[in-house]
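Peer 1: What follows is a structure written as structure tokens; I'll ask about it next.
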Amino acid sequence: MAMTFGQTVCEGKMPIINPVFSPVFRMPITNTNWNPKSLFTTGTIGYWYDPSDITTLFQDNLGVTPVTASGQTVGRILDKSGNGNHATQATLAQRPTYIVNANGFSYLSFDGVDDNLVIPSLSLVGTEDLFLCFGAQRLSSTNFTALMNFGLGGAGNPYNGFRFGVEGSSVPAYSLRLVSSNASGGGGINGSSPNSFGNAATRVASGTRRTLRINSARIATSGTFVNFSGFASQQNRLGCYYAFANQQFWKGGIYQSIFAAIDPSNDQISSSEDWCNLKTGAY
């Protein structure tokens, strides 16, 4: 049998592997087949909005005219969790814009003035475990900006159920917060300085009732998240906070938005963060 230089004849024998030059096989760190839909396999309450999937975006709130190009406004984004909690905006001037950036990442751009999407009412009783994971970029020096809010609102009940967002007006002291309230008062867990959400940079932010993380790193927290019984049902928003009216508008991009009423495992948190990072290039 003819041999070429460097070729090893292996007839019925295992090949000899050079221990110096041969690469070492390692199991992949993350499961590339994972996606956030797995958080909702048992009928978990929540939603998953994925602007990287253009087939879920529509220019109108009824879902008639699809988004086909960067720069078009978004009046409807479909919920990919399987729960059918599609977010909409009936008012043209208040719709975010679909953008594909120079690196090929897609997001919804919110103007910080009035852009927001309305999330349908959810059957939350206020004592559930919560898990949120966002890929986002903040372009604001406003003290309070909200990524999302679930709450009742209104002049008679000016309490949000809970909101997830960033507070702080002095660079770089922007602090990730998950805030809750009910008729008796409120509380929240806060990312304390010098841990910073940052401004202009893209971040992956996750939160539960007990801890907050930015770009997969747990950050120091303080405060206590309280039950929000009776208040997280009607005035639900993506891109702003609702009390008496819409306020604390997000200025910047939202690349991914995941909410599930679960107590997540460490693997679920890490997988969600990895997914959002894949869609943002945050870290």
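Peer 1: Pull out the extension gain between ALA200 and LEU139, defined as 0.36 nm times the separation in residues minus the alpha carbon to alpha carbon distance; nm, one decimal. Don't jump to the answer; show the numbers that get you there.
Peer 2: Working: separation 61, 0.36 × 61 = 21.96 nm, distance 0.52 nm.
So the chain would gain 21.4 nm between ALA200 and LEU139.
Peer 1: Would you calculate the separation in nanometres between label points at VAL113 and THR41, each defined as 7 Å from the Cα along the Cα-to-beta-carbon direction?
Peer 2: Modelled inter-label distance: 4.6 nm.
Peer 1: Continuing with this model, one more query. What per residue convex hull volume, in Å³, do the alpha-carbon atoms of segment 35-111 yield? Let's see the in-between values first.
Peer 2: Working: hull volume 7.2 nm³, N = 77.
Per-residue hull volume (Cα only) is 94 Å³.
Peer 1: Treat segment 212-283 as a sphere of radius equal to its Kirkwood radius over Cα pairs and apply Stokes-Einstein at 4 °C in a medium of 1.567 mPa s; give the translational diffusion coefficient in µm²/s, rounded to a whole number. Write out the running numbers ahead of the final one.
Peer 2: Working: Rh = 14.9 Å.
Reported coefficient: 87 µm²/s.
Peer 1: Then there is this: How much length would be gained if the chain were fully extended between THR211 and ALA245, taking 0.36 nm per residue of separation minus their Cα-Cα distance, in nm to one decimal?
Peer 2: Once the chain is fully extended between THR211 and ALA245, it gains 9.4 nm.
Peer 1: Which of TRP34, TRP48, TRP275 has the fewest other C-beta atoms within 10 Å, and how do the rest follow up to the most? Spell out each step's value before the answer.
Peer 2: On the way: TRP34 16, TRP48 25, TRP275 21.
Least crowded to most crowded, the residues run TRP34, TRP275, TRP48.
Peer 1: Based on the Cβ-Cβ distance from ALA69 to ASP129, what FRET efficiency comes out when R0 is 41 Å, to the nearest 0.05? Don't skip to the answer; put the middle values down first.
Peer 2: Values: r = 39 Å, r/R0 = 0.96.
The value I calculate is 0.55.
Peer 1: Take peptides 52-64, 179-191 and line them up by average Cβ neighbours within 10 Å, highest first, as a rough protection proxy.
Peer 2: Numbers: 52-64: 16.3, 179-191: 19.2.
So the peptides 52-64, 179-191, ranked by packing, come out 179-191, 52-64.
Peer 1: Suppose each label sits 7 Å from its Cα in the direction of the beta carbon; what would the ASP263-LEU62 distance come out to in nanometres?
Peer 2: Going from the ASP263 label point to the LEU62 one covers 4.6 nm.
Peer 1: By count of other Cβ within 10 Å, fewest leading, how are LYS251, LYS37 ordered? Each step should come with its number before you reach the end.
Peer 2: Working: LYS251 18, LYS37 12.
The order, fewest Cβ neighbours first, is LYS37, LYS251.
Peer 1: Can you put LEU147, LEU92 in order, fewest other beta carbons within 10 Å first? Provide the component values of the computation, followed by the final result.
Peer 2: Working: LEU147 26, LEU92 11.
Taking fewest neighbouring Cβ atoms as first place, the list is LEU92, LEU147.
Peer 1: Still on this structure, I have one more. Order these peptides, 135-141, 219-225, by their mean beta-carbon neighbour count within 10 angstrom, highest first.
Peer 2: Numbers: 135-141: 21.9, 219-225: 15.6.
The most tightly packed comes first, giving 135-141, 219-225.
Peer 1: Would you work out which of ILE99, SER109, SER141 lies farthest towards the positive end of the dipole of segment 44-190, given +1 charges on the beta-carbon of Lys and Arg and -1 on that of Asp and Glu, about the Cα centre?
Peer 2: SER141
Peer 1: Another question about this same structure. Could you grab the Rg to Rh ratio for segment 44-280? Cα atoms only, Kirkwood for Rh. Spell out each step's value before the answer.
Peer 2: Details: Rg = 16.2 Å, Rh = 17.3 Å.
Here the Rg-to-Rh quotient is 0.93.
Peer 1: Can you give me the C-alpha center-to-center distance between segment 209-273 and segment 76-129, rounded to a whole angstrom?
Peer 2: Measuring centre to centre over Cα atoms gives 14 Å.
Bear in mind that the values in this text are calculations on the coordinates, not laboratory data. Bear in mind the structure is a predicted one, so any value in this text is a computation, not a measurement. Here Cβ is always computed from backbone atoms with ideal geometry, including for glycine, and neighbour counts include all displayed protein chains.
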